[in-house]
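Here's the structure, in structure tokens; my notes come after.
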Amino acid sequence: MFESRVANFGPGPSALPESVLQEATQGLLNFNGTGIGIAEISHRSKEFTAFLTEVEGLIRTQLDVPQTHSILFTQGGGSAQFSAVVLNLLARHRLLHPDLSDDARVMDYVITGSWSKKAAEEARRLGGGRVNVAVDARQFAKDAKSFDNIPPHNAYTFSPNPALIFYCENETVDGVEFSTDASSAASFPFHLLPQNTLLPLVGDHSSSFMSRPIPRLADHAVIFAGAQKNIGPAGLTVLIVRKDCLVDVDAAAKVGAVPVPMTMAYKTLADSSSVYNTPSVLPIYISGLVLRRMKDLGGVQYYEAFNKRKADKVYAAVREGEAKGVFKAKVKEGSRSLMNVVFDVVGDEAKFISGAEARGIKAIKGHRDTLFYASVGSTHMPGIRISLYNAITEEQTDAVVTFMKEFLAQ
């Protein structure tokens, strides 16, 4: 049944463990002995709500999420959270500082790639505050226009009392990632943030969620992640929200905040245990199965080492190709993603892609959505992107590396 499956190196929706997919097929017919399939069962049934509690516990335990933070489940993906974080944290800031004008209410954005740029654009569109670009990585690019680096720490300028501070931990399109090593120049500059306060720090961890520990997790106001990279199918977004950010958005609206739709209000989600409306039942179920498997294997610490081994192999092949003038890495050393390896093929890119596909290596073509690139202000589209999410095995990684070396030999 599974012999025809290929190695899916796509950036998302991405590969899932075959053992989980096989287990999920049983749940589609009969979830936890109920006689009802998971796609049919009530989201308010005791069996599903118990499973939802288990999923929350699996995330809390493996990421060491403190009790100061709630774990919530919602829909809409990371793009919906570009809006939700603005609305919720502006409401919080309005309650804390009701007399500030909109121009004096600042939102700091760290722009290191296409997704953080889109997030900043959404904040400007919604209004209610002024966007301050704390740093723009393009200023430090080799060509002064690409997202190919994490900027040096002395380049950041944070506001003294921002409503939020937004960053994207791993830029899926551009292959740029913050280092988890605090001593690295490519780490996030936590030491530069306002001190002695509850930080309004927002981290988009969509494409690295559950692939490794999250540095300074307790210092974050909000962490959000679409499930469709490392833990499940598209349709589920996981939120980790500090409880002081679960504010009464209606009270904030009465003193001038932008009204927040109820399904986007974090307090609504928390008060209803993520079932204010029907959640993404099937994606939650499959994600729970993945998280159980992760726990059995050793959790995020296991995957951190596992994913580094895979990335090291692919980057070594890229460097070999650079030495021969065949490949060209797109991201500077030290800023390169463990999840998304991006590079150009100098010459016949189509031959590289067709050769890979002939060997069952799929979805390595870079982002080709012209409308997307118009929206992020770029005409350059990545050539090759090899995504190495948790479900990609070392055997599959070895296969793509072997092909890369065969291509170089040709």
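With 268, 263 as the choices, which residue is more than 30 Å from residue 337 (Cα to Cα), polar (S, T, N, Q), in contact (Cβ under 8 Å) with a residue 40 or more places away in the chain and not in a loop (DSSP other than H, G, I, E, B)? Don't jump to the end; show me each part of the working.
Details: 268 fails: in contact (Cβ under 8 Å) with a residue 40 or more places away in the chain.
After applying the criteria, what remains is 263.
Residues of segment 152-179 being closer than 15 Å to residue 334 by Cβ and touching a helix residue (DSSP H, G or I) at 6+ places or on another chain (Cβ under 8 Å), which ones?
152, 153, 155, 171, 174, 176, listed by residue number.
Candidates 207, 183: the one that is open to solvent by 10 Å² or more (accessible area, probe 1.4 Å) and among the hydroxyl-bearing types (Ser, Thr, Tyr) is 183. Residue count for segment 53-66, restricted to those that are open to solvent by less than 20 Å² (accessible area, probe 1.4 Å), touching a strand residue (DSSP E or B) at 6+ places or on another chain (Cβ under 7 Å) and in a helix (DSSP H, G or I): 1.
The set of residues in segment 145-171 that are under 20 Å from residue 220 (Cβ atoms) and within 19 Å of the chain's Cα centre (by Cα) comprises 150, 164, 165, 166, 167, 168, 169, 170, 171. Could you tell me whether segment 243-256 includes any residue that is part of a loop (DSSP other than H, G, I, E, B) and either under 30 Å from residue 29 (Cα atoms) or free of Cβ contacts under 8 Å to residues at least 12 places away in the same chain (or both)? For segment 243-256, residues part of a loop (DSSP other than H, G, I, E, B) and either under 30 Å from residue 29 (Cα atoms) or free of Cβ contacts under 8 Å to residues at least 12 places away in the same chain (or both): absent. Report every pair of residues separated by at least 6 positions or lying on different chains whose Cβ atoms are under 8 Å apart, first residue within segment 293-318 and under 14 Å from residue 392 (Cβ atoms) and at pLDDT 95 or above, second of a type in the set (Gly, Ala, Ser) and crowded, with 18+ Cβ neighbours inside 10 Å. Note: pairs meeting the criteria are 303/211; 307/211; 311/337. If you filter segment 24-52 down to residues that are free of Cβ contacts under 8 Å to residues at least 40 places away in the same chain, open to solvent by less than 70 Å² (accessible area, probe 1.4 Å) and assigned to a helix (DSSP H, G or I), you find that the one that is nearest to residue 266 (Cα to Cα) is 50.
Of everything in segment 149-161 that's part of a loop (DSSP other than H, G, I, E, B) and polar (S, T, N, Q), which residue is surrounded by the most Cβ atoms within 10 Å (Cβ to Cβ)? Per the stated criteria, the residue is 149.
Being aliphatic (A, V, I, L, M) and assigned to a loop (DSSP other than H, G, I, E, B) is the filter; apply it to segment 127-148 and report the residue that is surrounded by the fewest Cβ atoms within 10 Å (Cβ to Cβ). Give the steps one after another, and end with the answer.
Looking only at segment 127-148, we keep the residues that are aliphatic (A, V, I, L, M), and these are 131, 133-135, 137, 141, 144.
Applying the additional criterion that residues be assigned to a loop (DSSP other than H, G, I, E, B) yields 141, 144.
Values: 141: 16, 144: 8.
My answer is 144.
Note on segment 72-126: residues that are without any contact (Cβ under 8 Å) to a residue 60 or more places away in the chain, open to solvent by 20 Å² or more (accessible area, probe 1.4 Å), within 24 Å of residue 194 (Cβ to Cβ) and part of a helix (DSSP H, G or I) amount to 3. Considering segment 375-393, the residues that are open to solvent by 20 Å² or more (accessible area, probe 1.4 Å) and β-branched (Val, Ile, Thr) include one that is modelled with the lowest pLDDT, namely 379.
Do any helices (runs of 4 or more DSSP H) entirely within segment 279-374 hold 1 or more residues that are open to solvent by 40 Å² or more (accessible area, probe 1.4 Å) and over 23 Å from residue 228 (Cβ atoms), and if so, which? Show your work before the answer.
Numbers: elements: 281-297, 299-323, 349-358.
It comes to 299-323, 349-358.
The values are calculated or read from the model by the stated rules, or taken from the named source; none is laboratory data. Keep in mind it's a predicted model, so treat the numbers as computed, not measured. All Cβ positions, glycine included, derive from the backbone under ideal geometry; neighbour counts span all protein chains shown. Ligands, DNA and RNA are stripped out before the accessible areas are found, and what is left, the full protein with its side chains, is counted by its heavy atoms. Shrake-Rupley method; radii C 1.70, N 1.55, O 1.52, S 1.80 Å.
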